[in-house]
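The values are calculated or read from the model by the stated rules, or taken from the named source; none is laboratory data. As the structure is a prediction and not an experimental result, all values here were calculated from the model. Note that each Cβ is placed from the backbone with ideal geometry, even for glycine, and that neighbours are counted across all protein chains shown. The area values use the complete protein model at the heavy-atom level, side chains included, leaving out ligands, DNA and RNA. Shrake-Rupley method; radii C 1.70, N 1.55, O 1.52, S 1.80 Å.
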Amino acid sequence: MEILNIEDLVVDYEVQEGILRSVNHVFLKVRKGEFMAIIGESGCGKTTIVQAIFNVMPSNGYIRQGRILFNGTDILSLDPESQRRIRWEKIAAVFQAAQSSLNPVLKIKDQVIDTVLDHRQMPRVEIFERAGKLLKVVGLEPDRVMNSYPHELSGGMRQRVVIAMALLLDPELLILDEPTTALDLITQAQLIETLQHLHEDLSITMLMVTHDVSNVAKVADRVAVMYAAQIVEVGSVESIFYNPCHPYTIGLINAIPSVVGDLSAKKPIPGTPPSLINPPVGCRFHPRCPYASRLCREKAPELIDMEPDHIVACHHRLDVKRLQHEVI
Amino acid sequence: MSELRRKRFLTCFVRPVIKFLRALAGNKKACFGSIVLLLFILMATIGPSIIPLDLRSNYLERYQLPSTKHLLGTDFMGRDIFQQLVHGSRDVMITAFLGGLFAMLLGVVIGSIAGFGSRYTDMVLMRIVDVFLTVPSFPVMMILAASFRVKDPVSIGLILAVWSWPGLARDIRSQILSLKQREFIEAAKMLDLGTTRILFNELVPNLMPYITVNFVRLVRGALTASVGLMFLGLIPYSPTNWGMMLNLAIFQTGSIYVPRGLFYVLAPMGSIILFQYGALCFAQGLDEWFNPRLRAHE
Amino acid sequence: MLIKKILISVFTIFAAMSLTFVLVRNMPGDIIYSMALDKASTEGIPFDVAYEEIKGMYGVGADDPLYVQYFRYVANIFRGNLGDSVQYQIPVIRIMFSALPWTLLVLSISIVLSFVVGAIIGTLAAWKRKTLLESFVTAYASITDATPDYLTAVILLIIFAVNLRLFPLKGAYNVDVTPGFNLKFIISVLYHAFLPIMAYTIENVGGWMLMMKASATSVLGEDYITAAQMRGLRERRIAISYLGKNAILPPFTRLAIAIGGMLGGSALIESVFAYPGIGFFFGKAVALRDYPLMQGLFLLTTVGVIVANLLADLLYSRLDPRVKVGE
Amino acid sequence: MTPPVLQLKEVSMVYVKKAFLQKICVEAVTKVSLELRDNEILALVGETGCGKSTLGRIALGLLRPTSGKVLHLGTDIWDGNSRKSRFIGQIVHQDSYAALNPVRTVYQTLRAPLVRYGTKHKDVDEEIRKLLEFVGVTPPDYFLNKYPYHLSGGMRQRIVFARSIIPKPKFIVADEPISMIDPSLRLSILDLMMRLNEEFGTAFLYITHDLASARYLARRGRIAVMYLGEIVEMGNLQEVFEKAKHPYFQALLSVAPIPDPRAARKIRPLKLKNVELPKAGELPSGCRFHTRCPYARKICTEEPPRLREVEKDHWVACHLIEEVPKWTLALER
């Protein structure tokens, strides 16, 4: 059962140089109860997907087409008030640079109260009680934190405040947009652990969006790989890491060094990611792909089932898979 | 060698000018602004030599409405307003230009000394800047104008500049301080490129946008202030000066109470507003031209 | 920080006093001459005696060392003894006290009015992007920015006082009302203050709108606004406590400078409306070379700006929790 | 034996912050001794605020340490009041955009140092092309007249490297050079550094918080681990990674992300007593890690441990080396 189903989403930004298509015909399903991850490099459009789910585009961004079904209802077709109600009550988020997602001139408790009161009628005492409990869950002292201004807390603490706020209204889906950037290793690890606990104990569906391949390996059940505004491969975490079929996925995993294991096979992907204003014709990865053929330069591949629960958008997926196994 | 020189000359001087002119043509506001400024400059430079000035009173032609004979009508003594406007423009423009220029020079020099100097120099200069910024400038200009009995544009320009440089000085200083911290300056230092080269090749090109845009702002301020001083009658000056025309119209002759005399007020007023608006558009155009480069990072 | 500010303020006041000290010391000789002539004729004393008395009054040409003169001068100021106005023949301090309320009345109403209206319209223009309001704000701000404040005053005078005769041409209240706390007087005062207030407000509101719009636009790009929208907060709440509260901070820091500018320009505007505030007398004093009055009013203006600065700083630290006074 | 290109002897850096009526001393670096040998790659790892960037700037001679000596090729660079020698090292910053003058083209950026270091005017164009080819900015002619904001982060960083090798430096301090670059391209910058190291014999001080990239780049070199201004573990990289001894480095390794689901799920993070770093200006007494160390004893709170060589080229600063459980990362996928 899908909790979130994105169908044929297209999002454009109007920039000085022209039209930047940040999300290009994306299809994505998130199942109830799973921990899904979208990996992609900066500027590949993954954050735009999150903004589209919440329908909070920057002023130069436009959702051109597509549907975003949450439990079967298209969020985008709802009236603004119903959309507002779904936000945070059903879908909550921990954002990229969560440190800056708190209002600097309001105390934490005021922001907590604002958030609850705009969705439900609840006496203040109850709000405080609930927020206190959640702050404890994420490992913070409720009294001190509630009476602080954001600048009085450390980066890691603010991040945890944001997570606690995300849980205020018992959402069904929690979206994590680069939750670990700008945090130290040890804080990062602690945060990831907290998120895993929340996922398991509260059985919240998680959708994590990140460029950090290693964190995905640690926590995700299923992974979608995004390249140049398109999804190129979706599968279980095992199939993506041990049996990748898209040359980009293979290249990306090969390009990430590790603190364990052999490093000799590691190498970067040649070339640079394309501009989304004038993307390459055909398969968008072809200028950097070792397997590229004429077909790749002319026709864009579609997402096709490779095996159960593993889809790939590559003309040469079968050859790529064969060659991969020969190399290993 | 000569090929290289030519190339370098092209990249350093000719190309930016062409680029700038193109950008001007492409930006409606800047285009409008530069045309207005150009007209005013023409009016101030060659205007007085083309258009004769006749200041004799002619009571028969008092308060004439605009006509082909008198483009903007006549004043309370029957003198042609347009002629006065053209002849007054030279002093107004020169004063404003000099006021802006002196203030800019002062601001750049003091700002640079504070930015590059020792911590102590910087502190002392910044305290002085604080004082200058706190004490309102117009009263000081009034007092100075009264005390020194200025007459020529150069000394009026100086009086206007004495209290209008600190804003720019502070901007330049903070720009220099932040540029000094920037990694590319550090890299140039480590490459041992030499102080002069670092100063003129690395720092100054990054300061130019601030200096140019601020220069226009200072000229505008100087014009407003000089006309204002004249308007209050604090500077003894030629009767064709726009501020003096306003002073005569409002405080001395009562032209504002005569419906047909309105042109005597409206002509200098319109000129001032048009000039200010043109300069504003020009500055905004400049800003837009400079800024995409700086913003491109984001 | 507060202590530093106060020290700078004291320093600034001394700097202003020194400036006036130097000015009075360098008073052109013919001024003393005419002052003495005045004194001689009004008091009926010989010119030579009057001349020496005037010189003594201002310490011009005194034999004491300069620092003694300066000390005496400062001490006199602190005693409230700023000398007599040449033109009005009354103590300067009395003119100061009679003029100050009018300037304070007009300036305080104008500054609050223009700031509040500018902040609201500016925020709205940033919040509702690409609407008519946005183009209106830009156009309005450009036009008022291009029009010097005294020309705005002249235009208002010509339209509303001279031609439509809706408002008085000059003065602070009608001569036929008795000053005091009565309705007639208050109405008359407000009626006379209306055009000066409008001149300041029309002139300044454009700048505030623009500044607020720029500030709000940049705040709109902050993560916490997007975050607030994602949290499903009501639009009204986001606009007021998330956008407004943050966007008002940068314009607020410019408030003190704006007050300085308005006080500085008051000579022009008050002269246009012949409104008997500090600026009006200051303009007169400068035009007639009334040095004692000039000096007193200049000091008053400077102190006024400094007090406004300190007030603005104190208020700011209450608005922005990141700034702590005393730290 | 020739002296090492860079030698730091007991270098300390104390910043004095003046607050209202009081002075706060912040120790960024405390008595660090370090050596960078000819042609060596040394990775300096640690978390934000541990003083690694300050140390890098001290090493170059950009900052003067409050005490201790900095030796370049055996000579003390600080003598009397000023820096004696010219820079023999170069720096590569994290933010390649800030490292390049925004108003100058690639050509102008590279030309000035080339001319400064003796390239004849007529050869400049040719030299620039060669340099750009070498660092992988191809085709060079396409890039010559580009401004920094036209280029991608990877390209800019390559140009920064090209500029930094013009004076033929003995060593380069690379301060987080890849943290702002796309993950798929990071290795290409590290590969470029390795090529510079091999072809020109340039030594590298690689400052990073990313353990995996340190392991990749300095595979034949050494590593130094910093915590709150001190070096807590140092030595041959392979050795240190395999037999990590300091609890702090063990903790770092235990949380280092691994791009391999099975391995990543096997490793449990080492539980620390406290996740938050102590505040700046409030350094703990004794061993600075004791506030977070799960093994800390009384002695750790009292006496600062010295850096000792526990095995050949493996230095550790910990009182409890024998008691801390052995660390192994011998995890197979």
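A few points about this structure:
- When we screen C:Ile121, C:Ile155 for residues that are out of contact with any Cys (no Cβ under 7 Å at 6 or more places or on another chain), in contact (Cβ under 8 Å) with a residue 40 or more places away in the chain and open to solvent by 30 Å² or more (accessible area, probe 1.4 Å), the only hit is C:Ile121.
- Members of region B:110-147 that are free of Cβ contacts under 8 Å to residues at least 12 places away in the same chain and farther than 26 Å from C:Met262 by Cβ: B:Gly117, B:Ser118, B:Arg119, B:Tyr120, B:Thr121, B:Met123, B:Val124
Condition check ((1) closer than 23 Å to A:Ile304 by Cα; (2) touching a helix residue (DSSP H, G or I) at 6+ places or on another chain (Cβ under 6 Å)) across all residues:
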position: A:Val237; (1), (2): yes, yes
position: A:Phe241; (1), (2): yes, yes
position: A:His246; (1), (2): yes, no
position: A:Ile250; (1), (2): yes, no
position: A:Ala255; (1), (2): no, yes
position: A:Ser258; (1), (2): no, yes
position: A:Asp262; (1), (2): no, no
position: A:Leu276; (1), (2): no, no
position: A:Gly282; (1), (2): yes, yes
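- Exactly one residue out of C:Gly264, C:Gly244 is assigned to a helix (DSSP H, G or I), open to solvent by less than 10 Å² (accessible area, probe 1.4 Å) and either closer than 25 Å to C:Ser108 by Cα or in contact with a helix residue (DSSP H, G or I) (Cβ under 7 Å, 6 or more places away or on another chain) (or both): that is C:Gly264.
- Residue within region D:114-124 that is away from chain B (no Cβ under 11 Å), over 26 Å from the mean Cα position of the chain (by Cα) and either within 24 Å of D:Pro183 (Cβ to Cβ) or outside any helix (DSSP H, G or I) (or both) present: yes
- Residues (farther than 13 Å from C:Leu151 by Cβ and either open to solvent by 40 Å² or more (accessible area, probe 1.4 Å) or touching a Pro at 6+ places or on another chain (Cβ under 8 Å) (or both)) located in region B:239-256: B:Pro239, B:Leu248, B:Phe251, B:Gln252, B:Thr253
- Pick from region A:238-278, criterion of a type in the set (S, T, N, Q) and part of a loop (DSSP other than H, G, I, E, B), ranking: most open to solvent (accessible area, probe 1.4 Å): A:Asn278
- Leading residue by the ranking (least open to solvent (accessible area, probe 1.4 Å)) among those in region D:224-243 that are under 13 Å from A:Val259 (Cβ atoms) and of a type outside the set (A, V, I, L, M, F, W, C): D:Gln238
- Taken together, B:Val131, B:Val108, B:Val135, B:Val140 contain a single residue that is open to solvent by 10 Å² or more (accessible area, probe 1.4 Å) and within 14 Å of chain C (Cβ to nearest Cβ), which is B:Val131.
- Cβ separations smaller than 6 Å between residues 6+ apart or across chains give the following pairs from region C:165-186 residues that are closer than 29 Å to B:Tyr257 by Cβ to residues that are open to solvent by 100 Å² or more (accessible area, probe 1.4 Å) and at pLDDT 75 or above: C:Val177/C:Lys184.
- Hits in region B:202-227 (condition: hydroxyl-bearing (Ser, Thr, Tyr) and more than 17 Å from B:Asp171 (Cα to Cα)): B:Thr224, B:Ser226
- The residues of region B:156-185 that are open to solvent by 20 Å² or more (accessible area, probe 1.4 Å) and not polar (S, T, N, Q), listed by number, are B:Leu158, B:Val162, B:Trp163, B:Gly167, B:Arg170, B:Asp171, B:Arg173, B:Leu177, B:Lys180, B:Arg182, B:Glu183.
- Of all residues in region D:281-313, those being assigned to a loop (DSSP other than H, G, I, E, B), more than 17 Å from D:Lys31 (Cα to Cα) and basic (Lys, Arg) number 3.
- Residue check, C:Phe298 facing another protein chain (nearest Cβ under 7 Å) and either in a helix (DSSP H, G or I) or in contact with a helix residue (DSSP H, G or I) (Cβ under 8 Å, 6 or more places away or on another chain) (or both): yes
- Residue check: D:Pro269 meets all listed conditions (1) over 30 Å from A:Glu238 (Cβ atoms); (2) modelled with pLDDT under 90 but one, namely (1).
- With respect to the conditions (1) open to solvent by 10 Å² or more (accessible area, probe 1.4 Å); (2) more than 28 Å from D:Lys17 (Cα to Cα); (3) not charged (D, E, K, R), D:Ser213 falls short on a single one, namely (1).
- Selection count where residues are at the interface with chain C (Cβ under 10 Å from one of its Cβ atoms) and either assigned to a helix (DSSP H, G or I) or within 16 Å of A:Phe54 (Cα to Cα) (or both), scope region A:149-168: 6
- Residue match in region A:76-84 (condition: at the interface with chain C (Cβ under 7 Å from one of its Cβ atoms) and surrounded by 15 or more Cβ atoms within 10 Å (Cβ to Cβ)): yes
- Members of region D:191-240 that are more than 14 Å from chain A (Cβ to nearest Cβ), of a type in the set (Gly, Ala, Ser) and under 21 Å from D:Arg57 (Cβ atoms): D:Ala203, D:Ala224, D:Gly229
- Criterion violated by C:Leu133 - all others in (1) within 24 Å of the chain's Cα centre (by Cα); (2) more than 14 Å from chain B (Cβ to nearest Cβ) satisfied: (1)
- Scanning region D:244-263 for residues that are open to solvent by 10 Å² or more (accessible area, probe 1.4 Å), more than 16 Å from D:Val45 (Cα to Cα) and not in a loop (DSSP other than H, G, I, E, B) returns a single hit, D:Arg262.
- Candidates C:Thr253, C:Thr226: the one that is away from chain B (no Cβ under 14 Å) and either of a type in the set (A, V, I, L, M, F, W, C) or open to solvent by 10 Å² or more (accessible area, probe 1.4 Å) (or both) is C:Thr226.
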